[in-house]
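Visitor: Take a look at this one; I'll ask things after.
The values are calculated or read from the model by the stated rules, or taken from the named source; none is laboratory data. This structure is a prediction, so every number in the text was calculated from the model and none was measured. Cβ placement follows ideal geometry from the backbone for every residue including glycine, while neighbour counts extend to all protein chains displayed.
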Amino acid sequence: MEEYPEELRTPPVALTCLVGCPEVHPLITAHLHSQQPPINAIALPDFSKISVIPPKKPSRDASGPLAGIIKRDWLSKHRTRIPAVVAAIFSSRDISGDPAQWLQVCTHLDNLKASIRGRNTKLVLLLLTNWDNKDDTSEECILALRKRAEVDSKNLIIFVPDHEEELKQSLSRQVPFIVSLSFKVFGLWTVFGELANTYYRDEGRRVRTRLEKKNYTSIELNVRYCFKVALYAEFRRDWLEALKFYEDAYHALREMVGTSTRMPPIQRLVEIKAVAEQLHFKMSTLLLHGGKVLEAITWFRQHTANYRKLVGSPEVIFLHWEWLSRQYMVFAQLLETSSFNDALYVPSTASVPEEKPTEWEFYPAYYYQLAATYLKEKNTCLEFALSMSVDVGPIDGSAESVVASAYLGQYSRLLEHGDAFIMQPLTDEEYARYALAEGKRFQDSFEIIALLKKSFEAYSSSKAERTAAYCGLQMAREYFSLNDFSNAKQMFDSVANLYRREGWLLSLWEVLGYLRECSKGMSSAKDFIEYSLEMASLPETTGSVESFANDCGPAGPATLSEREKIHKEAFEVSRGDSELNSDEQNGAFKVKSDYPLYLEIDLISPLRATLLALAAFHQPMVKPGAPSLITISLRSQLPINVEIDQLEVQFNQSECNFIITNGQKPQIGSVSNLQLGRRVETAPDLVLATNKWLRLTYEIKSDLSGKLECIYVIARIGPNFTICCRAESPASMNDSPLWKFENLLETIPIKDPGLALSGQKAIQVEEPDPQVDLILGSSGHALVGESFILPVTVASKGHAVQSGELKINLVDTRGGGLLSPREEEPFSSDNLHVELVDMSCDTPGDQSEAPSDKIQKIQPSFGLISVPSLDVGESWSCKLKIKWNRPKPIMLYVSLGYSPQSDEPSLQKVHVHKNLQIEGKTAVAINHWYMLPFRQDPLLPSKLKSVSETDQAPSLALNEKTMLIISVKNCSEVPLRLLSMSIETEEKSSTCTIRPQQEEFREAIVNMPGEEFKKVFTIFPKVNSTKLKIGTVSLRWEREQPHSNTTASQVTKHRLADVNVELPLLVVSLECPPHAFLGSPFLYSVKILNQTEMLQEIKCSISDSQSFVLSGPHSDTMLVLPRSAQVLAYMLVPLGLGSLQLPRVSVTSVRYSAGLQPSTVSSLVFVYPAKPHIDLKPGDA
Amino acid sequence: MIVCVAVVGHQNNPLYIQSFTKADDSLKLHHIVHCSLDVVDERVNNPKKSGLIINETFLGLLNPTENYKVYGYLTNTKVKFILVTTDLEVRDADARVFFGRFHTAYVNAVSNPFHIPGKKITSRKFAERVSTIVKSFGLSSSS
């Protein structure tokens, strides 16, 4: 777009001319420029300069032949030299001064009028006046001036530059005859704009009339007139009309192609194309700036379709391609710079009757790419034309004097005749020669690359990688043609990756061919051989027609014979038999012993097809030192058999590496260079045939436990050529993308089909069998609270133990760890249910061992202890002390790691693992209950309590003796010895008295599993309290172990619940003998104790019972004195036998309305038939 | 005249590509087919923008390169068919008819029990059918 002149690229701007009074010119021009739309102005300081405006030419002789279609400078003339409006500026002094000045003014005006006569140019008078003497200018003067200049009153502007604001206010009143004018500069712009518009409209109309009347003699004139009308319309900003007439001009021009005979054919076409280019450019600009992208694209399509076939004369065909390329490039630039937004695009097929543009046609990249393509075409044609023109002879100097002529798209020779220059038309031959000479001057390759690069980047950013790759390919070809190999190689490489991935063989073949040449050019033997081998091992392209295509670049057709040729070349170079010839100065490159060649093929290398190495062990695991079979399978897709001199198989354990030599070949020197002692095998032959597996199976031994993995298979071909191939497992082998789609005979890499599917390149070498016993002495269940001692013994049977380590882990069998769910405080011992407390070991014999050697780490669930060196047959033991805080089963894992030899302590550890489940159980269960005084009930409790509360704490009577029974049950499965039991009171001893405080059993009581042991204490509460803390029962016990007496005693504690101590105010006690005899009377008395300070009225009644005869009051009311007791006695004679219910007594306190019926349990008595012969002491019950 | 037809697999790899020109421009045709896959991707990924009807297998004109027109077709198994023609006036209906026949031929070829899905189509029978279809291109609807 830059090659177009400025006036074509920008929209035309109306032109005015200012004459006289140069001091105000800057003010006016700046103002006119700043308005929208702007107006340009030619500033002429005085009236003598008026001749700058070109005078109207005499009307062209209509009969004469037309020299061209459009004058080259017509547009610029109208934009810069022919004003639409001329403003004559006079100062007020000039006209109101003396007559001489007035005469001067008149002369100037006449001259001015004369110079614009013939043209339609509008005249404006500008009267410059000052604020101070604005009234000096008389109306008469102004009128005279107006008459003289023949202008309307509105075209005379009084201009007051120094006092604008006030002028505006005052003058509108004082000067009524120019009231329609605005006196601001703004008014100036309006007037100028209106007049310019009128001018351009009149001019346009004038030309249009000619068109409408068909008043033209040739199509050239038709085109010219249309162009002019359109341009005048553009001056007026009437875009629609402009577009219409540009289209008309374009169509008219198109008709000229076959009909015009005015000029020699070559130049004629060149001219037509140049004009068409300009017209189309104008149309595209208008359409794109109007947002009509779709129309612009459709127009462009039509434009290129119209002219693409008009290639013109064969000797200058390159001019056509250059022209076409420029069309695309300019359109791309227009599309890029116009404000078109992809998101705004709404396909409107309605306005475009033809098929709508495809996606890429909205992207500038598409046009850039095609521009590059045509430029390339031009280049090719130009080179051809140049080569043809050589025999014509060198281009003579006459071409130098050829210049562009006055008409657009025409060239002529400039001849000097004395002082004058004469334009002489050219013949076609001369023109062709000139065009060739011009073409030679320019180097198009860089431009092609720049265009392609733009396109490449745009496509890449819009994720069209394939199209981008195609651009890249074209770019790379261009670099290649420039011998810029490194840039070319870089581009080719990235393109090749895409083709490889998507399996486009023919395209890949072409790219690789170029790459091969690039590496040749860069003298890189390694690259050369890599690309050659890749090419040679490409799959055959399907469809025989395709492969014989000859346009595959430097590689030639993708045929088998070509591949074989490339294969041979590559191996010749690799053997050093032939040199890698490069065109560059640095000369030939040869593979020698100084420059050995080393190729590496990994899992993603494209050379996997060239050499694929699989390694498969036949077993998944092997004992150390035991032999295992490994199969190395090699496959190549190269078209010709390859003979390998030597194969080296490398493992991660370098001792296992071995070499396979070719039995057919004499030993070559490189073997001797290898490390001595390396295992060498000989294979009968090492020949790789196309797509056939070469399988080699060998035995391999490893003494080191762990993973043994085959890493590399290195093939040596010739003295200086090595291919290092990363070994793959058959199980995880996948074909390269190129071969994946081929209908290839599927062969399995290993004879055993199972192994071919599942074989692995790595084997697990096991540890040697441990010859050390690890014994965990188990002694049944552990008991909560005790330190459970577990002996661990390490006994060596066949191995000496060196640097042994014993690891102990405690794991919850139910999972969830040994800690309580509150994991926030993992090491607070309260939360630990089971913990490893201690590890103690008895070092046998050697006590002098340095303590630093001994590692001992203890954590609650983990322990580490080092085992001293043991010789064969020796043993060592330690004791683990584990403590259970809660009953819980745990799993104890003990593992011993040691090395049988002392020389290599870091390697080859042997491990022995043992585990044991230990259950922790509660040893004893302690229970307690209280025995309240029998048949004694409070009639009135000291405090009324809600029912739920009474359930919780038992109530003890104040200052009464209550019995406390502690029972101990053995829950474990071993007999326990109870050593002592005590109750530790928490509060001061004054609150209650407990007897006995502590009791050491004189002889330990053996508590068998399941047995219950009871002990009675008495409690005498002395304080009235609702929550009396009694204390904690401590039971000391130990395991009953007949053998050792060393077991430590454990203490189990049981906290007694709080009790409620109360002082009942009224106490009812029933008294009767523990048993009675049939027919023998006994006393049954009800005693009421009043502990209040008041006299209490008590109602008492007794019900009859069938089993007893009763004497005494059935119902009575009595008064009990404060702090005294009243007894109500009945005499009963039993009539029945057995456990009988005593007559029910009910006692009621009248004052408190509290009644009491003693419980049925407390009112039972057993009646014997007769007095038994046992001596019963009264009061035992 | 049809100059090239192609069957393109899931990884945008050519399963079958055949050109019908005498000239040595098969490589150029390969490039054209390969580049048009970008447009196929674009259409399939943005069906709304390109105005593609859902479940429509015929993708329409992909690329009006200067001398060729490229049409695309996407089967229900996401295999792409590409057609390159030198006719500048091609009716969509003709292209549709062509692709319909071509699809049938393709289905028959891949239904061969000896054909491995995803591999290149080497069936000679298929090639014969394709060349018959190519020859009859544009004849059916004009007659």
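Visitor: Would you pick out the residues in region A:9-35 that are of a type in the set (A, V, I, L, M, F, W, C) and surrounded by 15 or more Cβ atoms within 10 Å (Cβ to Cβ)?
Guide: Across region A:9-35, the qualifying residues are A:Val13, A:Ala14, A:Leu15, A:Cys17, A:Leu18, A:Val19, A:Cys21, A:Val24, A:Ile28, A:Leu32.
Visitor: Looking only at region B:100-118, which residues are within 14 Å of chain A (Cβ to nearest Cβ) and among the hydrophobic types (A, V, I, L, M, F, W, C)?
Guide: Hits for region B:100-118 are B:Ala109, B:Val110, B:Phe114, B:Ile116.
Visitor: Taking the options B:Thr57, B:Thr85, B:Thr65, name whichever one is at pLDDT below 85 and either crowded, with 19+ Cβ neighbours inside 10 Å or within 14 Å of chain A (Cβ to nearest Cβ) (or both).
Guide: Result of the check over B:Thr57, B:Thr85, B:Thr65: B:Thr65.
Visitor: Further question: What number of residues in region A:1102-1132 are surrounded by 16 or more Cβ atoms within 10 Å (Cβ to Cβ) and farther than 19 Å from A:Leu939 by Cα?
Guide: Result for region A:1102-1132: 7.
Visitor: Continuing with the same structure: Looking at this structure, is B:Leu27 at the interface with chain A (Cβ under 9 Å from one of its Cβ atoms), outside any loop (DSSP other than H, G, I, E, B) and modelled with pLDDT of 80 or more?
Guide: Spelling it out, B:Leu27 is indeed at the interface with chain A (Cβ under 9 Å from one of its Cβ atoms), outside any loop (DSSP other than H, G, I, E, B) and modelled with pLDDT of 80 or more.
Visitor: Can you tell me which of A:Leu533, A:Leu538, A:Leu473, A:Leu508 is closer than 30 Å to A:Leu688 by Cα and within 12 Å of chain B (Cβ to nearest Cβ)?
Guide: A:Leu508
Visitor: On the basis of being without any contact (Cβ under 8 Å) to a residue 40 or more places away in the chain, closer than 22 Å to A:Gln410 by Cα and more than 14 Å from chain B (Cβ to nearest Cβ), does A:Ala252 make the cut?
Guide: Against the criterion (without any contact (Cβ under 8 Å) to a residue 40 or more places away in the chain, closer than 22 Å to A:Gln410 by Cα and more than 14 Å from chain B (Cβ to nearest Cβ)), A:Ala252 qualifies.
Visitor: Could I ask something else about it? At least 2 residues that are without any contact (Cβ under 8 Å) to a residue 40 or more places away in the chain and buried (at least 18 other Cβ atoms within 10 Å of the Cβ) in each: list the strands (runs of 3 or more DSSP E) lying fully within region A:1004-1092 that qualify.
Guide: Output list reads A:1082-1090.
Visitor: Separate question: Being modelled with pLDDT under 80 and within 29 Å of A:Pro425 (Cα to Cα) narrows it down to one of A:Gly68, A:Gly97, so name that one.
Guide: A:Gly68
Visitor: Looking at region A:480-490, can you tell me whether even one residue there is more than 13 Å from chain B (Cβ to nearest Cβ), closer than 22 Å to A:Arg608 by Cβ and modelled with pLDDT of 90 or more?
Guide: So far as region A:480-490 goes, yes, one or more of its residues are more than 13 Å from chain B (Cβ to nearest Cβ), closer than 22 Å to A:Arg608 by Cβ and modelled with pLDDT of 90 or more.
Visitor: If you scan region B:9-24, which residues turn out to be at the interface with chain A (Cβ under 9 Å from one of its Cβ atoms) and touching a Gly at 6+ places or on another chain (Cβ under 9 Å)?
Guide: Selection gives B:Gly9, B:Gln11, B:Asn12, B:Asn13, B:Pro14, B:Leu15, B:Tyr16, B:Ile17, B:Gln18, B:Ser19.
Visitor: May I pose another question? Determine which member of the set A:Leu1119, A:Leu1137, A:Leu1095 is under 26 Å from A:Val1167 (Cα atoms), assigned by TED's automatic domain parsing to the domain that holds A:Cys1072 and modelled with pLDDT of 85 or more.
Guide: That would be A:Leu1137, the only listed residue that is under 26 Å from A:Val1167 (Cα atoms), assigned by TED's automatic domain parsing to the domain that holds A:Cys1072 and modelled with pLDDT of 85 or more.
Visitor: Restricting attention to region A:454-469, report how many residues are over 19 Å from A:Leu324 (Cα atoms), in contact (Cβ under 8 Å) with a residue 12 or more places away in the chain and touching a helix residue (DSSP H, G or I) at 6+ places or on another chain (Cβ under 7 Å).
Guide: Adding up the residues that qualify gives 9.
Visitor: Sticking with this structure for a sec: Test A:Ile775 against the criterion of being closer than 30 Å to A:Tyr598 by Cα, surrounded by fewer than 18 Cβ atoms within 10 Å (Cβ to Cβ) and more than 14 Å from every other protein chain (Cβ to nearest Cβ), and give yes or no.
Guide: In short, no.
Visitor: Among (1) surrounded by fewer than 18 Cβ atoms within 10 Å (Cβ to Cβ); (2) touching a residue at least 24 places away in the same chain (Cβ under 8 Å), which single condition is A:Ile266 missing?
Guide: Condition not satisfied by A:Ile266: (1).
Visitor: Here's something else I'd like to know. Are there any pairs with C-beta distances below 6 angstrom linking a residue in region A:727-744 that is within 13 Å of another protein chain (Cβ to nearest Cβ) and crowded, with 17+ Cβ neighbours inside 10 Å to a residue that is of a type in the set (Gly, Ala, Ser) and not in a helix (DSSP H, G or I), with the two at least 6 apart or on different chains, and if so which?
Guide: Note: pairs meeting the criteria are A:Leu738/A:Gly503; A:Phe741/A:Gly503.
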